[in-house]
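Student: Please find one structure pasted underneath; my questions will follow.
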Amino acid sequence: MKRSLLGIAFATLAAGCASMMAAGSGARATLTPTAGNQASGTVTFETRGDKLRVSAKVSGLSPGPHGFHIHEKGDCSAPDAMSAGGHFNPTGKSHGEPGAPDHHGGDMPMLTADASGNATLEATIDTVTIGGGATDIIGKSAVVHKDADDFKSQPAGNSGPRVACGVIARS
């Protein structure tokens, strides 16, 4: 009887943990253009172990590279999206290349638009999470900038005005 009850308790606990992990595993932002711009699209985030898989599809961009970041506030209400605040930086690091040891949690690889203004990105990042704690991106925003990110200038890479913004929510 004791073994049977222990088995049931373990199965219940395992099922609860699995549902909690699934609930925190995905997020999405719908990008809308800032005033005077045409950029729009979607960004999805999916937990893969201790990393996040980022998938972005954006249209309406000028051809070439564009800075792409997670910003600290989930507020895209200002016409220029400045209401989204600065880069999400929960660990207090300097801005930098996403693959470098030191960079903001919100630093992501650049989007590169083709001649038609379309950009796609599939990348893995390891400085932010979904589902709680200081590095949680739920309630933050995804922002696309007009220019390339130089990954050196502080605090934001000199990537110019914001052309699209979307609040990150659980999916």
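Student: Restricting to region 139-171, name every residue that is in contact with a helix residue (DSSP H, G or I) (Cβ under 8 Å, 6 or more places away or on another chain) and either more than 18 Å from Thr91 (Cα to Cα) or surrounded by fewer than 20 Cβ atoms within 10 Å (Cβ to Cβ) (or both).
Tutor: Scanning region 139-171 gives Val143, Arg162, Cys165, Arg170.
Student: Which of the residues spanning region 83-95 are crowded, with 18+ Cβ neighbours inside 10 Å and not aromatic (Phe, Trp, Tyr)?
Tutor: As a first pass, look at region 83-95 and keep what is crowded, with 18+ Cβ neighbours inside 10 Å: 84, 87-90, 95.
Correct list: Ala84, His87, Asn89, Pro90, His95.
Student: Restricting to region 66-84, name every residue that is within 18 Å of Asn37 (Cα to Cα), aliphatic (A, V, I, L, M) and within 14 Å of the chain's Cα centre (by Cα).
Tutor: Across region 66-84, the qualifying residue is only Ala84.
Student: Picking from Asp107, Asp126, Asp136, Asp114, which residue would you name as being within 21 Å of Thr42 (Cβ to Cβ), charged (D, E, K, R), within 12 Å of the chain's Cα centre (by Cα) and surrounded by fewer than 22 Cβ atoms within 10 Å (Cβ to Cβ)?
Tutor: Exactly one residue qualifies, and that residue is Asp136.
Student: Right, here's the next one. Scan region 122-136 for residues that are in contact (Cβ under 8 Å) with a residue 40 or more places away in the chain and in contact with a Ser or Thr (Cβ under 7 Å, 6 or more places away or on another chain) and jot them down.
Tutor: Our first condition is that a residue be in contact (Cβ under 8 Å) with a residue 40 or more places away in the chain; within region 122-136, this holds for 122-126, 128-132, 134-135.
If the condition is that a residue be in contact (Cβ under 8 Å) with a residue 40 or more places away in the chain and in contact with a Ser or Thr (Cβ under 7 Å, 6 or more places away or on another chain), then Glu122, Val128, Thr129, Ile130, Thr135 are the ones that fit.
Student: Yes or no: region 124-131 includes at least one residue that is part of a loop (DSSP other than H, G, I, E, B), touching a His at 6+ places or on another chain (Cβ under 8 Å) and not small (Gly, Ala, Ser).
Tutor: Taking every residue of region 124-131 in turn, at least one turns out to be part of a loop (DSSP other than H, G, I, E, B), touching a His at 6+ places or on another chain (Cβ under 8 Å) and not small (Gly, Ala, Ser).
Student: While we're here: Does region 85-104 hold any residues that are among the hydrophobic types (A, V, I, L, M, F, W, C) and under 16 Å from the mean Cα position of the chain (by Cα), and which are they?
Tutor: Scanning region 85-104 gives a single hit, Phe88.
Taken together, the values in this text are just the output of simple stated rules run on the coordinates, not laboratory data. Everything quoted here is computed from the prediction, not taken from an experiment. Cβ: placed from backbone, ideal geometry, glycine included. Neighbour counts: every protein chain shown.
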